[in-house]
Structures are given as C-alpha cells and as structure tokens.
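Structure record follows, encoded as structure tokens.
The values are calculated or read from the model by the stated rules, or taken from the named source; none is laboratory data. Just so you know, these numbers come straight off a predicted model, no measurement behind them. Cβ placement follows ideal geometry from the backbone for every residue including glycine, while neighbour counts extend to all protein chains displayed.
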Number of protein chains: 2
Amino acid sequence: MAGKGMLIIISGPSGAGKGTVCRALLEQDDKLVLSVSKTTRSPRAGEQDGVNYNFVSKEVFLKAVADGDFLEHACVYGEYYGTPRSSLEQMLAFGNDVILEIDTQGALKVKNSGVNCVFIFLLPPSADELFRRITRRGTESVESLRRRMASARGELSMASMYDYVVVNDCVDEARDSIAAVIRAERCRVHRNMDLIEAIIEEAKE
Amino acid sequence: MAGKGMLIIISGPSGAGKGTVCRALLEQDDKLVLSVSKTTRSPRAGEQDGVNYNFVSKEVFLKAVADGDFLEHACVYGEYYGTPRSSLEQMLAFGNDVILEIDTQGALKVKNSGVNCVFIFLLPPSADELFRRITRRGTESVESLRRRMASARGELSMASMYDYVVVNDCVDEARDSIAAVIRAERCRVHRNMDLIEAIIEEAKE
C-alpha cells in the first residue's frame, strides 16, 4: 500500500477492550486517525454512525464487497464487518498513522494481503477476566454469549501471529504501551532510510 | 545468550551523544542497568573507573582477550575496548534489561555473534552538528580530531544495519524515543509466549 503513514492493527478477542483502548489512544495523539469500518450489525448503546462504524444494510455491504471496496471483510456471528480500502489509502497517503481496530479474522486477512503494517494483539489480563467482560456487556442473548466465549478461545490462540502483545489490565497502561509501540515503530530503520541517506550525503561534502 | 533480560545496544558515531543519552535513560528507568566496558584508553575529565569504564592496562586487556572473556572487543584509534561476557550474562539471567553503549565496530561484532538483542543507532541531527560536537569536546589533538571525523563518515553508513534509528537533537526526546523502543520490545510477541500460552491454557478449563 502506498503512502507515508503507518497502518497499526489493534486486534484481539471480543472483550479484550479494543474500543476503549483505541479511544484513549486517539484522545492522546492527534497524529493518529481511526479507520472507520463498515458493518451490518446494529449499533450498541452510545455508538454513533460514522464514528464507531458506518452502519449499513446487508445489501449495501454486499454490493461494496462485489465492487472490491474492502481491504478485508469478514462475517462474525452472522454480521458483516469490512475495512474500506480507499479512505484508508487516502489517510496513509496524507502521512497519517492509521489505527485499524479489527477482529482477529480481519487482521489475519490484512496480514495475508501483504500490506505493511504493525500488528498489535490486545490480551485480557486473564481468561477469567475476559469471560467476565463478555458477560458484563449485557447486550446479548445467552446463545450469543456462549458463541462469543467459544470464539474467544480460538482468537486467543492467534496472538502468536502478531508483532506485539499488550495486556489490557489497566486502560492507561495499555494505551501507553501501544503509544510506545507506535513511537518505536516510527524509529524503525526501514522507515528512516531517507533521513539516514541525507546525513551520509551531507557528511561527504 | 541465556537469561530473561533483554540486551539493548546503543551505538552510533562518536559525537552522537551516546554517553549523555544513556545516562539520561538510566536515571529514568531503574529496571535498566549499564554494561560497563573495559578500555585501555585514559579516563576523560569526570569519568570514573567502574562507572563509565573499567580502565585497565593493555597487558590486562590482552590477557582477558586471550582468555575469551569478551563478548566483543575492538581497537579504536589505537585503544582497546571490550564488553565483558560474564557480568553481562549474569545481569541478563537476573532478568535485568542491559544497556550496552558501544561503538559501531563493537555493535557489528555483537550482531554477527548471533546474540539476540535490540540495535539502536543514535543519529546526530546533521553531519554539521556531528562535526561541531566532535570538535567541541576539546580533549584531542588536531590529528585525532581529523581521524575521528573521517571515521564518523564511515560509521554513519552503518546505520541501516540497525533495528532502530533515534535522532539525538534534544537529549530528552532521544531518551524518550529509546525508552519507547525498550517498552515496545518488552511487548514483542516472542518475548511473551509464556504469558500467551498461560491464558490459552486457562481459557480451556
């Protein structure tokens, strides 16, 4: 993917606290922008269209799939989620670092697509705590909860495919660890070759 | 190298400000320790034996080389510098993260030895500023300065072999960037496999 910005994938099982940590991160660093995904699921209490997600109908979603508009899309618990390709490419081309908050299925697809990005897995402090958080959300049926817990087990096993793992025990600590990862990644040698070459050139004179 | 700690190499041309930045880093993070190198060069004003270096005679140094006591050693401007292997291994085994402030020759040898560590290159903000800093030190003969500047050119060209590059324009900023790299590296998936496996195991129960 072209562009000077960096794509940062924040993923993990549902209940890991991805949304909360991403919000905390975006509040602190105004060079970061959030990629807003499209979904067919219903908004949860407090979620806003265009902020948390673009909420669309199944018909609109499936047309976008057919048109190749998504970098990745997935079906999770019967609802569709997708990452719009063009807005993401635009933000990166502007030099923005972009946060993509995404489930593990979607992250795996982005990884396999060969897009150059930083993969961060948000880990709950314990499996017990994860199950407590999933139950506490209280927006779902018992059947949906049971599926979500079974799924969380499978998602945890994908952590080893990521670059970084951050434990979300305390939101501020998790936010600071992710901020450190982003700052460190900005210092990666392969992202600073222009700078290095300019100084070498200057030293020759 | 065995041990739970992480070895962090901070390198760069002489005049990049390695010593100043490392001191600032160690003052801020008490989980970090400094690996004290042995050298045959004379102490500069303010340098203390056992703190900045262990200052030893050429005879003592060469015996240690023959005994295989060094992880790496090098001869720079006619003086020897070496990293003692045993104290480093001890600190890492205790779980300390160890800072190794080292010239580019030494860093390259550590890299080629296959030791698992994090390589950070400290870059001056410009070649001009680097030459100014080298001249300003004022502890050396004109001939020694000339050699140091020529050498700095060669050292700059090694930056691309490192993992990270940090510009030392402002000491506090450089310190914070290195601190971010260390925090990020502590989150690397391969350093947290025990944690990941424990949660997966717990979730199965």
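Results for (1) under 22 Å from B:Val181 (Cα atoms); (2) touching a helix residue (DSSP H, G or I) at 6+ places or on another chain (Cβ under 9 Å); (3) assigned to a helix (DSSP H, G or I), shown as yes or no for each residue.
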{"residue": "B:Lys63", "(1), (2), (3)": "no, no, yes"}
{"residue": "B:Gln90", "(1), (2), (3)": "no, no, yes"}
{"residue": "B:Lys111", "(1), (2), (3)": "yes, yes, yes"}
{"residue": "B:Gly114", "(1), (2), (3)": "yes, no, no"}
{"residue": "B:Ile120", "(1), (2), (3)": "yes, yes, no"}
{"residue": "B:Pro125", "(1), (2), (3)": "yes, yes, no"}
{"residue": "B:Arg133", "(1), (2), (3)": "no, no, yes"}
For this session: Might you let me know whether the stretch A:93-107 holds any residue that is crowded, with 17+ Cβ neighbours inside 10 Å, away from chain B (no Cβ under 14 Å), part of a helix (DSSP H, G or I) and in contact with a strand residue (DSSP E or B) (Cβ under 8 Å, 6 or more places away or on another chain)?
Result: yes
For this session: Please identify the pairs in which a residue from the stretch A:7-22 that is in a helix (DSSP H, G or I) has its Cβ atom under 8 Å from the Cβ atom of a residue that is modelled with pLDDT under 90, counting only partners at least 6 apart or on another chain.
Result: A:Gly19/A:Asn52
Exercise. Of the numbered conditions (1) farther than 27 Å from A:Gly114 by Cα; (2) not in a loop (DSSP other than H, G, I, E, B); (3) not basic (Lys, Arg), A:Ser42 satisfies every one except a single condition; which is it?
Worked result: (2)
Problem set entry | Qualifying positions in the stretch A:122-153 - among the small types (Gly, Ala, Ser) and either touching a residue at least 40 places away in the same chain (Cβ under 8 Å) or surrounded by 19 or more Cβ atoms within 10 Å (Cβ to Cβ) (or both) | A:Ala127, A:Ser144, A:Ser151, A:Ala152
Problem set entry | Which listed residue is without any contact (Cβ under 8 Å) to a residue 60 or more places away in the chain, touching a Cys at 6+ places or on another chain (Cβ under 9 Å), buried (at least 19 other Cβ atoms within 10 Å of the Cβ) and within 14 Å of another protein chain (Cβ to nearest Cβ), from B:Tyr164, B:Tyr81 | B:Tyr164
For this session: Mind listing whichever residues of the stretch A:108-139 are touching a Lys or Arg at 6+ places or on another chain (Cβ under 6 Å) and within 14 Å of chain B (Cβ to nearest Cβ)?
Result: A:Leu122, A:Ile134
For this session: Within the stretch A:1-17, work out how many residues are in contact with a strand residue (DSSP E or B) (Cβ under 7 Å, 6 or more places away or on another chain) and over 19 Å from A:Met91 (Cβ atoms).
Result: 3
For this session: Among the residues of the stretch B:43-67, write down those that are within 16 Å of B:Gly82 (Cβ to Cβ), without any contact (Cβ under 8 Å) to a residue 24 or more places away in the chain and among the small types (Gly, Ala, Ser).
Result: B:Gly50, B:Ser57, B:Ala66
Exercise. Would it be correct to say that B:Asp176 is more than 7 Å from every other protein chain (Cβ to nearest Cβ) and within 22 Å of B:Asp29 (Cβ to Cβ)?
Worked result: yes
For this session: Answer yes or no as to whether B:Arg183 is charged (D, E, K, R), at the interface with chain A (Cβ under 10 Å from one of its Cβ atoms) and part of a helix (DSSP H, G or I).
Result: yes
